[in-house]
Amino acid sequence: MESLDFTRRADELAPAVLGSVLWRGQIGLRLTEVEAYLGPDDPASHAYRGPGGRAATMYGEPGRLYVYLSYGVHLAVNLVCSPAGQASALLLRAGEVVAGEELARARRASKRPGAAELPTARLASGPGNLGRVLGLTRQDDGAPLGDEFLLQPTGEPVQVAHGPRVGISVAADWPLRFWIIGDPTVSPYRRGRTAIAGIHPQA
């Protein structure tokens with residue numbers, strides 16, 4: 001079983017993270033899709049312009065959560081990677097609910113009443129849905145792994161593919177999205193709209 005060394009750069013760590021189970025309370029999510037963002041070297045990263053504002057957590061110690069409001073609507077979560085100051089991170093895009101499905105459905109239904117009818121595979125598919133299933137708040141930003149949030153490598157082999165990131169408008173063709181081949185929870189690929197000058201979204 002490969003050790004999850006969060007001092008490694010996000011794109012190097014990504015394949016090892018897939019298949020691991022992220023626990024928070026009774027919720028267990030088997031991670032099936034992630035995207036790497038490479039700090040000040042990556043124009044699509046929140047850390048591209050330096051450590052000010054919400055990017056401060058990304059520049060901090062590895063092995064922590066970076067939680068942010070995506071498009072003003074959804075809370076999304078990254079795992080901070082690389083030594084402090086380098087600011088690479090893995091955006092968690094999708095997971096399989098392997099424990100706590102009843103609570104996961106209740107959390108989804110709080111925003112979408114029809115969630116009670118969703119297939120299990122769609123409960124935590126997409127960054128916003130994954131964040132809602134975990135019950136994230138802005139206060140979770142900076143939380144360390146190993147306390148309230150526990151990432152458990154399973155050691156089970158998975159087949160991993162990688163390709164362009166989803167829904168971003170700059171560096172859109174960089175092959176920094178990683179997913180488990182054939183897993184039904186993986187979100188569909190959609191290319192971002194044309195880049196808007198001065199905007200560097202982390203989807």
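Brief remarks follow.
- Portion, in percent, of the accessible area of the range 1-152 that falls on carbon or sulfur, probe 1.4 Å: 49
- Note that the chain presents 45 Å² accessible area per residue, ligands and nucleic acids not counted, probe 1.4 Å.
- Top of VAL34, VAL160, VAL133 by mean-square fluctuation, Gaussian network on the chain, Cα under 10 Å: VAL160
- Mean residue ellipticity at 222 nm, helices only, the chain: -3000 deg cm²/dmol; runs of at least 4 DSSP H residues each add -39,500 (n - 2.57), and the sum is divided by the number of residues.
- Lys/Arg +1, Asp/Glu -1 at C-beta; the chain dipole; positive extreme among ALA76, GLN159, SER3: ALA76
- Cα centroid separation - the range 160-185 against the range 110-152, whole Å: 20
- Within a Gaussian network of the chain (alpha carbon springs, distance under 10 Å), most fluctuating of GLU101, GLU33, GLU117: GLU117
- Option label - Rg/Rh (Cα atoms, Kirkwood Rh) computed here, alternatives (1) 1.02; (2) 0.94; (3) 0.97: (2)
- For LEU4, solvent-accessible area (1.4 Å; no DNA, RNA or ligand), Å²: 30
- Charged side chains reduced to their Cβ positions (Lys and Arg at +1, Asp and Glu at -1) give the range 45-203 a dipole of some 740 debye around its Cα centre.
The values are calculated or read from the model by the stated rules, or taken from the named source; none is laboratory data. Given the structure is predicted, the values throughout are model-derived calculations rather than measurements. FYI the Cβ positions are ideal-geometry reconstructions off the backbone, even for glycines, and counts take in every protein chain you see. Surface areas here come from the heavy atoms of the whole protein model, side chains and all, with no ligands, DNA or RNA. Shrake-Rupley method; radii C 1.70, N 1.55, O 1.52, S 1.80 Å.
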